[in-house]
Each structure stands twice: as C-alpha cells, then as structure tokens.
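Before any comments, here is the structure.
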Amino acid sequence: EKYNFYPSLPRQYMALVPSLLHTETPEKGCFLLSYLNETVTLSASLESLRGNQNLFTDLVVEKDLFHCVSFTLPKISSFSEMAFLSVQIKGPTQDFKKKNTVLVKNAPSLVFVQTDKPIYKPGQTVKFRIVSVDENFHPVSELVRISILMEPKGNRVGQWQSLKLESGLQQLAFPLSSEPIQGSYKMVVQKESGEKIEHSFTVEEVVLPKFEVKVHVPKIISILDEKVNITVCGIYTYGKPVPGLATVSMCRKLLHHFNCQKKEFCEKFSQQLNNNGCITQRVNTNVLQIKNMGFEMKLRVEAKIREEGTGVVLTGNGTSEITNTVTRLRFVKVDSHFRRGIPFFGQVLLVDGKDVPIPNKLIFISASEANYLYNATTNEQGLVQFSINTTNILANKISVQNNFCLNYVWVREEHQGAEHIARHAFSLSGNYVHLEPMAGTLPCGQTQIIKAYYILNGQAMGEPKELIFYYLFMAKGNIIRSGTHAVPVEPGERKGSFSLSFLVESDIAPIARLFIFTILPDGETIGDSESFEIENCLANKVDLSFRPAQSLPASHAHLRLSASPQSLCALHAVDQSVVLVRPEAELSPASVYNLLTMKDLTGFPENLDQKEEEHASCNHPYIIHKGAIYIPLANYDEEDMYNFLKVKSLLPISVLAYEHFDVSKTIYMCMCTYISFRNV
C-alpha cells in the first residue's frame, strides 16, 4: 500500500486530451487509473454526427496505470466539427462512462513558394518550387492550382491547374518574354481547401550591384554617450575590399518643421577607404544635437561609396535609436502565480538604455502584501535573484516592485523600475506543486533540468509514503511526451522538491509546455504548468559547403552536401549580388517556423469555452458551519487547477469512481469565496 491511513481508497480516473484535435495526423490522449482493486477494461471513442469511431477498445488494466495512446482521425468533409470524446471503464463491479466535447479540424498543410531569385530581367526564366509539409515539416502530397498575376491589375499571365505535389515538392519554370510589362508580379497557390498562398517577385531592367555598402552604427545611442562610432565598408560580392571614397551623411529629422526652411539637421564627412575597404569615424554626439528635444529620436546614416577607377556609386543605410532611458529593470524569470507556503521565486535584470547588463548596482525589491523588503547588489550579469516567503500572505494577489538607488538624475534621464503582479493559485486544502520558471530560449541538443516544489496539508492527506507525479510535454497543441516521477515522502515531511530533466529537440519547438500533476488520496488534483521558448531547430540536419571555400574565376569548385539518409534535397544557387537586392526573401529556419498556423494552443476553442463556462457561476446554496452562515461570492483574483488545465488547452475528464463527481464543477464551487454572518 502507498498510504498508511487509506486502506480502502476510492478509484480515481483521469483522461487528458487536447481540446482541439486534427485529422490525418497522430494525436495522443493520456489516461490515469489509480487505486484499482479489480481488473478493468478501458475504451475510448469519438462520437459525432458522422457516427462513432473507436480510438481504442478493451485495453486491459490490472493495476494502477498512466498510459498515453496514439490515434489518428479520418479527414472530415467540413472545415471543423464538434464531437464528444467518450471514455468507458468496465469491471466486475462497475461500468463507468463519461464524455466531453472536443473540436475536430482537418490538419492544415504548410505551403510555401521559393523562386531562384527575387528579381528578374526581361527574357529570363522564373524558376520556382512549391513545397508542402505538415506541422512537423514532413512532406505532404496534395493538389494545388497556381496562377501568376501581374500587379496591380491582377492580369493572369500564367497558370497550372490541378498540379500534384509529389512527395510535397514540385519544381516549375515560367519564361518571361523579351518585352514584358515591368513591375511586381504575384504567384498565387490555391489549395483544395480554398486557402491561398502568395509569393511576389519583380521584373525590371536592373543593374545588379558589384559590391555592397555596409553601414555599422550602434543599434541604440544613449543621451549620456559623448561619442559614437560609425563604420562604413565596401565589399565586392566575391568578398574583396572596394577601393574608393566614402561620403557619409548623418541626419536627424525635426519634429516640428512647419516654420523651418530645413526639415532635418545633417552633418557630413568624406574619407578614403582603407586597405580593408572600410572607414571608422568617432563622432562627437554634441554635433548630432543628441540632447535636443526638437528632433526625432533617431539618427539616420547614409553612406555613398564611389568606386575608384569606374566612378560607380552605391549607397548603404543605417539607423540608430536615441534613448533617454538610462537604466531599466525587468523581470526575466518570475512565477506567474504564488502558492501559499511555497517560496515565490524571481529574477530581476538591470540594464542600461542599450540593454547592456549593469553590474554592482543596489536593487530594492518589495512586496507589501508579504511585508517583504529586500536589497541586493546586481552580479556581473546584472541579475538579482530573490525569494519571498508566502506562508503568511492573506491577499489573493501580490505586487512585486523593483527600484534602485540614485544619487542624482539629469533633467531628461529616465530610470525605469518594474512591477509584476502574481495571482494566488487556489487550493481548498492548501496542497500545491510548483514548477520553477526558466528564462531565455532553450538551445536544441541540450538536456535541461527544471525544479519542482510541493507542499502538503497533513490533515487532508494523512501520511503518504510516496507521491507519484505525472507530467506531459505539449507543443503545437499536441501531447508530445509523457512520464512519471516518484517522490518518497518521509513521515512528518510536508515540504520538498525534486528535479525533472528533458532533452530539448525539434519535436517540442517552438514553444514547449510542461504540465505536472498528482492526484491525492482524497481525490484532489494538484498541478502546475510552465512554458519554454525553444530554438527553431529542424530534425534533419543538412550541411552544405564548397571545396575550396574560395577559388579563382573559371576554376572548378566542388559542392559537398550531407543530410539524413533517403532525404530529398533541393539546391538553390544564385549570385551574391542578387541576394543583396532582397536578402529578406531567403529561406531560414525562422521563416519556415513562421508558417505554422499553431505554435502554441492556449485556452479552449471558442465553442468549447462557452460550454465549459456554464459551470463557472457561483449559484451554490449557502453553507452553515458552527452556527455561521456562509454565502458564496465569486472570486476572480485566483486561478484553480481546472483553469490551469484550460489555459494549457487540455480537457480533463476526471472523477472519483465511488463518489461520481465532476472535477470541473467541484473546483468551480471551491473557487467561490464565502462571506459569513451570524444570527444574534
């Protein structure tokens, strides 16, 4: 037995499924059966107007089980439909069945267009690819229709009807006439669902640049800066420095120029490029009127390089933001909720106006609700960590404020503090589990460790020997990973912590949500969830390189390509001068991830939300306890376990088998604050 004081515990069942299910793609549902005293069979089905579909049937369960089952739904004819997820548990002494609503949609494909270059001359051929993948970036074969339109009138100049994307890829070409109408063209790809994807390219008589003008200026200039470095370089498309003369113009626009002859204030200088094709000028900020309030808080730099020998002039630009914010505090790692009895953790970062951490500064942190006042000095990374004892906090939310010590302040300087409001996580018994937050983007290929804290109320719990915590990782709205973690509990031990480790991989990118919970012997579910930003990494690692990396014109070069076995690789080679025209048109992991229609599913779909909210009202009768009458009053300053599940888009189906109550309704009842009065 796991518990000393519960020789005969009511059976506990819980099913967790995403509130939104997609067709033709693997989905997962997780099922927990605890304190079984007989062998049962578990079945699940999806009931809709189209009929019933068995997800799995008669899974034999002989002892306590936490198990996740994969299933795939068939494609539906409509865009979406409501359905009932039904769970049935049968045994010698029971036949339990419960259902809940879910939303079913056809899984969307991600389609994008890639042209060999963003700009074409008359008579050239437009080479392009249409690529279709699923949310895991696996190829999807589908039919599409393609039209090439000339903007702005939309005249069609080419089309392909019912084009099959075999293995998710089709490569085509469209020849331009020798005298086409120059301007912008739009390629429109229409899927069978009617969704349209657009991609633009330009046709014009353009002279591709021989070299690039790079302007390096600070991203942010502070009003306290006395000097600023401006660097200009001219680099040929093949990497060699450009010889020539650079003329640099630094301008700030006037905010109110109606009565002024000039609309902007400019300073210029000219200088010969050095052997590296660059110049660097250290400019006094007083010359740029950096503290003058009459100008836009931007510095615009334009550099022109005249190539020696040819006289060819090309231009580059750079922009710097000017800020009067000298220092700024912000929370980089802080709990969204506090749980009475568990320390409230946080981390504060002090930076200057350029977002550079400031070390060795005194920081003041306060939370009046907790009688908390703390001062500390920032470390070398500009960070201060703090922990607030929440045992005696009576309020339903706390406000944490930060400030720092200032000896003097210039007239226009800004020193920004930070404030964070955390709501109380509700538990009628005072039992909690809490995941410590993690800041920043987690890199792929590394193992991360997250710490969990728990506190138990002895009167409600008895003396457990062991706690089993169950956890799920969700990404893109799907359950991706699951597991359990057993925590031994010593007699009289009411607080503790443990660590979970997980490998960061592409399956949980770009946002991973970890949900952890346990069901106590009296049926209470306690849990917490935390989200993590994941690096935009791809499962198939591709490497591309030239050998040698640099060679003379007309010489041979070898291209080396490596990828996972059986990969279909599509190559794209273009002169660097073409990329300079529109560098943003190039594919990247970020641009591919931006195609995702769902990076993170939070909350219930709208129709489901309305159905669930029917249980939220506090219309329960009054309670008489020890001569006092308690009248319910809704409390919206707290979050409970059911709301944590709801925010993470999980539909809980959870009951005590002997008592037959609905967790969602019960928790909503507990969320009411009862005001008491006594008859005299």
Residue hits (segment 433-447; assigned to a strand (DSSP E or B) and loosely packed, with under 15 Cβ neighbours inside 10 Å) are 441, 447
Requested in this report: Would you confirm whether any residue within segment 356-376 is under 29 Å from the mean Cα position of the chain (by Cα), over 17 Å from residue 419 (Cβ atoms) and surrounded by fewer than 13 Cβ atoms within 10 Å (Cβ to Cβ)?
Outcome: yes
Of the listed residues (105, 117, 121), the one being among the basic types (Lys, Arg) and closer than 19 Å to residue 194 by Cα is 105
Residues of segment 526-569 being aliphatic (A, V, I, L, M) and under 30 Å from residue 503 (Cα atoms), in sequence order, are 526, 534, 538, 539, 542, 544, 561, 563, 568
Checked segment 176-228 for anything over 35 Å from the mean Cα position of the chain (by Cα), farther than 30 Å from residue 282 by Cα, part of a loop (DSSP other than H, G, I, E, B) and touching a residue at least 12 places away in the same chain (Cβ under 8 Å); matches are 176, 177, 178, 179, 180, 181, 182, 204, 205, 206, 208
Of all strands (runs of 3 or more DSSP E) fully inside segment 471-522, the set with 3 or more residues that are in contact (Cβ under 8 Å) with a residue 24 or more places away in the chain and β-branched (Val, Ile, Thr) is 478-488, 511-519
When (1) at pLDDT 90 or above; (2) part of a strand (DSSP E or B); (3) not β-branched (Val, Ile, Thr) are applied to residue 123, the one that fails is (2)
When restricted to 178, 162, 184, the only residue of a type outside the set (A, V, I, L, M), out of contact with any helix residue (DSSP H, G or I) (no Cβ under 8 Å at 6 or more places or on another chain) and surrounded by 11 or more Cβ atoms within 10 Å (Cβ to Cβ) is 184
Of the residues in segment 16-64, those that are free of Cβ contacts under 8 Å to residues at least 60 places away in the same chain, assigned to a loop (DSSP other than H, G, I, E, B) and among the β-branched types (Val, Ile, Thr) number 1
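Quick check on residue 471: is it more than 30 Å from residue 135 (Cα to Cα) and modelled with pLDDT of 90 or more?
no
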Of the residues in segment 41-67, those that are of a type in the set (A, V, I, L, M, F, W, C) and within 33 Å of the chain's Cα centre (by Cα) number 6
**OP:** Evaluate segment 249-260: report whether one residue or more is among the aromatic types (Phe, Trp, Tyr), without any contact (Cβ under 8 Å) to a residue 60 or more places away in the chain, over 26 Å from residue 571 (Cβ atoms) and in a strand (DSSP E or B).
**Re:** no
- Looking only at segment 310-329, decide whether some residue is under 23 Å from residue 218 (Cβ atoms), charged (D, E, K, R) and not in a strand (DSSP E or B). no
Among the residues of segment 198-241, the number that are over 27 Å from residue 126 (Cβ atoms) and not hydroxyl-bearing (Ser, Thr, Tyr) is 24
Filter segment 299-340 for residues that are under 28 Å from the mean Cα position of the chain (by Cα) and among the acidic types (Asp, Glu); the one that is surrounded by the fewest Cβ atoms within 10 Å (Cβ to Cβ) is 321
Being touching an Asp or Glu at 6+ places or on another chain (Cβ under 6 Å) and aliphatic (A, V, I, L, M) narrows 230, 220, 279, 290 down to just 220
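Here's the yes/no breakdown for (1) outside any strand (DSSP E or B); (2) among the basic types (Lys, Arg):
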| site | (1), (2) |
| --- | --- |
| 90 | no, yes |
| 95 | no, no |
| 100 | no, no |
| 105 | no, yes |
| 111 | no, no |
| 132 | no, no |
| 137 | yes, no |
Of the residues in segment 382-397, those that are touching a Phe, Trp or Tyr at 6+ places or on another chain (Cβ under 6 Å) and either closer than 24 Å to residue 429 by Cα or among the basic types (Lys, Arg) (or both) come to 387, 388, 390
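The values are calculated or read from the model by the stated rules, or taken from the named source; none is laboratory data. Everything numeric here is computed off the predicted structure, so don't read it as measured data. Because the Cβ atoms are built from the backbone with ideal geometry, glycine has one as well, and the counts that use them run over all protein chains shown.
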